[in-house]
Amino acid sequence: MTSLDDLAGAARGGTLYGIGVGPGDVRYLTLRAAGLVRAVDVVAFFAKRGQIGNARRIVAPLMKDGQAEARLEYPVTDEIPAEHPDYQSQIAAFYRASAESLAALLRDGKSVGLIAEGDPFFYGSFMHMWRRLATDFPVEVVPGVTGMSGCWTRANLPMTWGNDTLSVLPGTLAEDMLVERLQHTDAAVVMKVGKNFAKVRRAVERAGLLSRAVYVERGTMQDERILALADCGEPAGVYFAMVLIPGEGRRL
Ligand SMILES: C[S@@+](CC[C@H](N)C(=O)[O-])C[C@H]1O[C@@H](n2cnc3c(N)ncnc32)[C@H](O)[C@@H]1O
């Protein structure tokens, strides 16, 4: 029988892999992603201070004993608003230093797998490494099942029918902007709900979409919660949370 490692292929020394590890349930990794997690010399991951790191938690069942790891710990996350100059300078310096530490491993001939929750090219911190390293080193990006795909699947919500247009909106937008965008789309996903929950809920209600909106917290993960947004009291700023508004287009 062909083993997972044979199917997924080997990792090349000196190459950076951006590995999408899907929305939470380890069974949603692609074969290539699962194989690479086991094949690379070093598994690198971003993590919030004092926490295990979401991508690292997802791949825990796949890691080999004693496999080398590189933990890249954010100096700040949502303690300071992303628009604040302190946030931007601290994060920019952190990304520069992280890219330098990955570059040192790559120059040393190591294969490095930077794991990313969901898909690496979709609101992923991986992109800040890709931007700094892809000109000097070989890079392979492995697509992942996005968080939104995992969430609408678990919520049992077909999202786009016929000519429906889907908008993906960050919950960090100003309330009026959210209302405006929601009024001009058929279906919507509002990401980064976390600490923006109250604003997002108000915007959905003002856009007249509350009756269709579903709140999904930690979709496909162990402590997943799915409920109508209208029935949702304010949660305690859960990072992995989104609001889904399905389209109502042509059904044959
Ligand atoms: C920085 S973005 C990363 C997106 C990721 N690269 C992807 O492909 O889905 C983080 C946001 O994605 C959303 N998200 C990702 N996975 C999720 C999940 N399993 N359940 C709920 N929300 C999720 C949340 O809105 C969270 O604030």
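Derivation of every value follows stated rules applied to the coordinates shown; laboratory data play no part. Fair warning: this is a prediction, and the values are worked out from it, not measured in the lab.
Here are a few things to note about the model shown:
- Expressed in units of 2.2 N^0.38 Å, where N is the residue count, the Cα radius of gyration of the range 108-252 is 1.17.
- Size check on the range 41-131: the Cα extents along the three principal axes, sorted descending, read 40, 29, 24 Å.
- ³J(HN,Hα) computed for each position of the range 236-252 - Karplus, 6.51 cos²θ - 1.76 cosθ + 1.60, integer Hz, glycine/proline x: 7, x, 5, 5, 7, 8, 8, 10, 10, 10, x, x, 10, x, 4, 10, 9
- In sequence order, the range 111-119 has phi-based couplings of 8, 10, x, 8, 7, 9, 4, x, 10 Hz under the Karplus curve 6.51 cos²θ - 1.76 cosθ + 1.60, θ = phi - 60°, and Gly or Pro positions carry x.
- Excluding same-chain neighbours fewer than eight residues apart, the aspartates and glutamates reachable from Lys64 by a Cα-Cα span under 14 Å are Asp5, Asp41.
- Cα centroid separation, the range 213-252 to the range 104-166 (Å): 21 Å
- Rg(Cα) / (2.2 N^0.38 Å) computed for the range 30-93, rounded to two decimals: 1.37
- All C-alpha to C-alpha distances of the chain, sorted into 10 Å bins beginning at zero, yield P(r) values of 7, 28, 32, 23, 9, 1 percent in whole numbers.
- Taking every DSSP bridge with both residues inside the chain, close to 35 percent are antiparallel.
- Straight Cα distances below 12 angstrom link Lys48 to the aspartates and glutamates Glu73, Asp78, Glu79, with same-chain residues fewer than 8 positions distant left out.
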